[in-house]
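In what follows, a single structure is set out as structure tokens and then discussed.
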Amino acid sequence: MSTFPAELNGTWEIDPVHSHLGFAAKHAVVATTRGTFTGYSGGAVIDTANPANSELWVDIDAATINTGNEMRDGHLKSADFFDVDNHGKVSYRSSSVRVDGDQIVTAGNLTMAGVTHPIELTWDFGGVATDPYGNVKAGFETAATINRKDWGLTWNAPLEAGGLLVSEKIKLNLEIEVTKQA
């Protein structure tokens with residue numbers, strides 16, 4: 001039985017103006033470099049009575065990667081990493097949805113650079129509200145750590161003192177606001 005409000009039932013679309021799709025990686029072992037994707041779309045169909053009937057999806061334009069440094073962004077778009085000329089989209093599609101206490105857990109497939117692997121995301125539910133324009137909004141957040149090498153993103157450079165320039169572990173941080181469509 002779902003613990004979520006009935007007004008979550010329906011179809012939802014990501015509000016890109018009020019959402020954040022970010023990531024972080026260690027650089028030179030000592031510092032964290034953060035980035036975002038600015039071009040994406042997605043949504044969910046939520047069935048609070050039977051969460052297993054729910055689904056969610058996100059499509060990200062890999063060419064919209066932004067780390068605050070044009071040269072680094074260009075390298076990340078190259079064949080060394082995302083290879084946006086051949087694999088311009090990063091996508092996530094849920095394969096199962098369940099409620100665990102006050103969280104939603106989605107298992108699904110993450111595709112990057114033409115490689116697909118399953119991952120599980122645990123989402124915190126932020127609530128439902130109606131904005132001043134009459135739009136029904138809901139908020140969800142998740143964080144996960146993946147190994148980029150699992151998706152073939154293997155480029156790196158050794159450091160003189162030991163270690164590698166870019167960490168294999170990448171932390172994902174998704175803060176999503178959705179707008180009810182139906």
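If the condition is being within 18 Å of the chain's Cα centre (by Cα) and buried (at least 18 other Cβ atoms within 10 Å of the Cβ), then the range 26-42 contributes Gly35, Phe37, Tyr40, Gly42. Once the range 98-108 is narrowed to residues that are modelled with pLDDT under 95 and on the phi < 0 side of the Ramachandran plot, the residue that is surrounded by the fewest Cβ atoms within 10 Å (Cβ to Cβ) is Asp102.
If Asp15 satisfies every condition in (1) over 18 Å from His75 (Cβ atoms); (2) surrounded by fewer than 16 Cβ atoms within 10 Å (Cβ to Cβ); (3) out of contact with any Gly (no Cβ under 9 Å at 6 or more places or on another chain); (4) modelled with pLDDT of 95 or more but one, which is the exception? Every condition holds for Asp15 apart from (2). Just so you know, in the range 48-71 the residues that are buried (at least 16 other Cβ atoms within 10 Å of the Cβ) and at pLDDT below 95 include one that is farthest from Thr179 (Cα to Cα), and it is Pro51. Taken over the range 109-134, residues that are exposed (fewer than 13 other Cβ atoms within 10 Å of the Cβ) and within 25 Å of Gln181 (Cβ to Cβ) amount to 7. Residues in the range 153-171 that are in a strand (DSSP E or B), free of Cβ contacts under 8 Å to residues at least 40 places away in the same chain and loosely packed, with under 15 Cβ neighbours inside 10 Å: Pro158 alone.
The values are calculated or read from the model by the stated rules, or taken from the named source; none is laboratory data. These numbers come from a predicted model, not from an experiment. When we count neighbours, we look across all protein chains shown, and the Cβ atoms used for this are built from the backbone with ideal geometry, even at glycine.
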